[in-house]
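Here the structure comes first, spelled out in structure tokens, and everything after it is commentary.
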Amino acid sequence: MSTSARDIIVENKSGTLQHIDELHPLYLPMQYPLLFPYGEDGYRPDTLYRDGSINEDRKQRHVTLRQFFAYKLQERRRDFSMILKAGKLTQQFTVDAFTSVESQHTSYVRFHQKKLHSENYDTITEIIAKGQVSSSSMDAMTICATTGFPDLFITFTCNPKWPELDRLLKELGCKAEDRPDLVSRIFKIKLNRLIKDITKDMLYGKCSADIYTIQFQKRGLPHAHILLWLSAEDKFTTASQIDLVIFAEIPNRDAHPDLYEAVNNFMIHGPCGPSRKSSPCMINGSRCSKHFPKKFNERTSFDEAGYCKYRRRDTGNVVIKNGIELDNRFVVPYNPTLLLRYQEHINVEFCNQSQSIKYLFKYVSKGHDMVTAKISSNSNAHVDNMKDEIKNYYDCQYISPCEATWRIFGFDINFREPAVERQPFHLPNQQANKCYPAARELTYAQMPTMFVIKVDSRKWCIRKVGYAIGRLYYVPPGLGELHYMRVLLTFVKGLTCFEEIRTINGVLYPSYKAACYAMGLLDDDKEYVDGITEASHWSSGVYLRNLFSTLLIHNTISRPEYVWDKTWMHLSDDILIKERHRTCNPDLQLHDDRIKDLALAEIENILRSNGRSLLEYPPMPLPSDESICNTENVLMSEELNYDRVLLKSQHSTLSASLTSKQTNIYNDIIDAVDRSEGGVFFVNGFGGSGKTFIWNTLTSAIRGRGQIVLAVASSGIASQLILGGRTAHSSFVLKLWTEVLGISSEMKTLSATPNRSVDFTLTKNMRLRNGNTESENNEIREFADCILKIGDGLIGNEVNDEENEITIPGDILIKNVQYPIEAIVENTFPLFLNKIENNGYIRDRAILALTLDDVASVNDYMLSLLPGEEMTYLSSDSICSQDNLSGLANVYTPEFLNTISRSGLPYHELKLKVGAPVMLLRNIDKSLVCVMVHI
């Protein structure tokens, strides 16, 4: 972002143009004239602190831009603030204020590159590029290494309806979203009180360490992720101790009415699952992403991975959400004391010494959620090599008003106690080991525990108050001597000069690597084992496997099999989790040999993408062909991971409902599969005759045997009607205009040479079910016959060779109406507003129209019936030309492109309201299948 990106350009009386940048005193009154009605000055960089707050020793004598905005966002009794009374304009102002502060900071970085010498930060650059880690997560791991594993993980969210906040907002006559400053300050007050209750008042016992990170929900409200470490005497060692702190059951309404209401309001997940497949947490409408409902448990226990399964007895206590009864299986774990005290969603989880700790730390300390989309031409490929870190920092970040005010007020985003001091490797004039004998018993990383460095004098002094933990910045093995120096600093004590680092048993070695060898730290590839082991504390298995593969590709490791044997548990630490997600089975367990095999398969694929193979590194173990096949062929992997038990059950239900003609078709195709003959089977029939029903019966039968079925259709909607269906162009990268069902009788063979062709015809409309009376049956029969005759061209007066004029029966017409759109909607969707939340009501009805204009008219009318504010989203239209010299972009302006509408091309404007159903017609990511969702 350049400093001129936010400028205002004005014309002087003399006719010259003047830039008004964001640091100019007139920028704010000109940008927000409603908030500065008298044109009073905005921020001035030379603004001094108030008299009495400046002394000779103070280095910062001028008010910063952040402090200026923090001053403006304060409520004062005798000072009317238009900034805080402007509703949505207040929200815009706070976000704009924070982005101005960020722009000022990044502008300094951009224009002071020579002073900063950022090109010398090789360690940080390589860590971020390869590991994508945050310093906060490594700080958390340092605390963990010093004090042990954390005991509790707490998620504390903001409640915009807190009584004190609600009372204050009513007095001010505004909504919570219009006063993000109040929401942030009250949440900060309650968060500080919560931390005090836990750490100072020892709610769970003596707390030895705690960290928290503030994040912001999609709707902008803050929430805190908190990790707590309890002292050794207060740690939870038994299930009964956990049951005293963490509850996952609905209390008795008569015995504990207040707690019952709190659990009902804040700690119930859902409804979701079969009772509400449209819930936001549902994946493909089949399962909950949070694995609700949980299973009933008579007692608290732990699974093999160390995850805690809380006590959830079938007590009969239920709550009602949206008309659905929910029991203990839907309760989010909570602590009654905190829940009643703070009246907010407070999830309390027990931590354990399993491999999940590393991922928990990374989750707590993760940064902004962002999505980056980029479209570029090959001719500009050289531009892509120019990496703009400031631009990457800005791109696709979402800043809400609450986050803006939180950061403007200077509230902590990351907090940890005790503090973790990050030790650089070189600080001149640090001679603590010469002045203090006690320092000679400490390693460099241990110094902050007993000493504190004075920044002004750059010398170590004895620590008199407080407690801190030190850690060395991580250095990847690829940086050579700097890495070996760090290795030595973690072992050698009492250093007074750099030569002593390389002095082992009185011998001064020429390099840090040689000194490491002398200490036995690099014997038999031990450096790589230690490097992978250390990196495993903060990095994922994906990164570790890439690191191991890189070492193999460059022939860095002398004994790869030795390093594999020592580190395979780290290289494969996410394999089980990936398999659980892939198979949709959270309880899946794999043998160590199977986990090793899958990890080796992924390493082999990385090597193959670089022209190498594990065959080149004997005696390294090799993955099985099946694992290689599964990891190479994603489609085959997906097809082999259906729930066979469920499919067999579905097949029994479907096959029992087949008609005699459908049964004949089914048997003929199944016989061809059993005999491995192959063939082409064409089923002809009008809509509703049961073609898709036959395909679903066949796919459930064959997939239930563990064989492969490729269900392919010409359109996205048709492909969604078959389990695992795909469009032809996405499956085979071609255009195919008929439905195809490819069946494999061998797990490794996806096609067979057809040796016969069979045609079938279905004539019975299966969608027209039998009526309750003979009269209804006659009406259904007559309607079905009429539809068949229309399709066959046997009804109507012939207009020309292609058109017939048909008289529509009067009993299916809506007559004598003044407003046709309104009448069609009322007849198709009666009681629309009362039943909008009923997914079946919406799913079972549809209005078909011939033109896009008719569709737009129906949509606009139905959207007008919904309450709430209408949001409009605009498309960004441009010419996509493969010829860079083409002048089409200059001929067809964006305004013209916005007016184009045709089949398959959405309108320029998309209007939505909360509760409006949205139908997805095309999936780009086939792993995410969605047909209709509620906003």
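The values are calculated or read from the model by the stated rules, or taken from the named source; none is laboratory data. Being a predicted model, the structure only gives us computed values, none of them experimental. Using ideal geometry, Cβ is built from the backbone for each residue, glycine included, and neighbour counts are taken over all protein chains shown. To get the accessible areas, we keep the full protein, side chains included, count just its heavy atoms, and leave off ligands, DNA and RNA. Shrake-Rupley method; radii C 1.70, N 1.55, O 1.52, S 1.80 Å.
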note = The residue that is nearest to the chain's Cα centre (by Cα), considering only those in the stretch 686-700 that are modelled with pLDDT under 80 and open to solvent by 10 Å² or more (accessible area, probe 1.4 Å), is GLY687
message = Can you tell me which of (1) modelled with pLDDT of 80 or more; (2) in contact with a strand residue (DSSP E or B) (Cβ under 6 Å, 6 or more places away or on another chain) is the one LEU488 doesn't meet?
response = (2)
ask   = Where residues in the stretch 152-164 are in contact with a strand residue (DSSP E or B) (Cβ under 9 Å, 6 or more places away or on another chain) and open to solvent by less than 10 Å² (accessible area, probe 1.4 Å), which of them is nearest to TYR334 (Cα to Cα)?
value = ILE154
Identity of the residue in the stretch 477-507, outside any loop (DSSP other than H, G, I, E, B) and hydroxyl-bearing (Ser, Thr, Tyr), that ends up least open to solvent (accessible area, probe 1.4 Å) = TYR484
query = Here are VAL63, VAL101, VAL95: which of them is in contact with a Pro (Cβ under 8 Å, 6 or more places away or on another chain) and either outside the structural domain of GLY410 (by the TED database) or at pLDDT 85 or above (or both)?
reply = VAL95
ask   = Considering the stretch 271-289 alone, what residues qualify as being of a type in the set (Lys, Arg) and over 19 Å from the mean Cα position of the chain (by Cα)?
value = ARG276, LYS277
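For (1) touching an Asp or Glu at 6+ places or on another chain (Cβ under 7 Å); (2) in the same structural domain as LEU788 (by the TED database); (3) of a type in the set (D, E, K, R); (4) under 21 Å from PHE760 (Cβ atoms), each residue gets a yes or a no:
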| position | (1), (2), (3), (4) |
| --- | --- |
| LEU658 | no, no, no, yes |
| LYS661 | no, no, yes, yes |
| ILE670 | no, no, no, yes |
| PHE682 | yes, no, no, yes |
| LYS691 | no, no, yes, yes |
| ILE702 | no, no, no, yes |
| ILE708 | yes, no, no, no |
| ALA713 | yes, no, no, yes |
query = Within the stretch 659-685, how many residues are within 21 Å of LEU788 (Cβ to Cβ) and either touching a Lys or Arg at 6+ places or on another chain (Cβ under 8 Å) or open to solvent by less than 60 Å² (accessible area, probe 1.4 Å) (or both)?
reply = 6
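Yes/no matrix, rows are residues, columns are (1) at pLDDT 80 or above; (2) farther than 30 Å from PHE548 by Cα; (3) part of a strand (DSSP E or B):
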| residue | (1), (2), (3) |
| --- | --- |
| PRO428 | no, yes, no |
| LYS434 | no, yes, no |
| ARG440 | no, yes, no |
| MET447 | yes, yes, no |
| VAL452 | yes, yes, yes |
| SER457 | no, yes, no |
| CYS461 | yes, yes, yes |
| VAL475 | no, no, no |
Unmet criterion (only one of (1) part of a loop (DSSP other than H, G, I, E, B); (2) modelled with pLDDT under 80; (3) hydroxyl-bearing (Ser, Thr, Tyr)) for SER731 = (1)
request  = Can you tell me which residue within the stretch 508-519, out of those that are in a helix (DSSP H, G or I) and open to solvent by 20 Å² or more (accessible area, probe 1.4 Å), is farthest from THR147 (Cα to Cα)?
outcome  = ALA514
request  = Filter the stretch 323-336 down to residues that are touching a Phe, Trp or Tyr at 6+ places or on another chain (Cβ under 7 Å), open to solvent by 20 Å² or more (accessible area, probe 1.4 Å) and either in a strand (DSSP E or B) or within 20 Å of SER278 (Cβ to Cβ) (or both), then give me how many there are.
outcome  = 1
request  = Evaluate the following for TYR49: is it modelled with pLDDT of 85 or more and not assigned by the TED database to the domain that holds CYS402?
outcome  = no
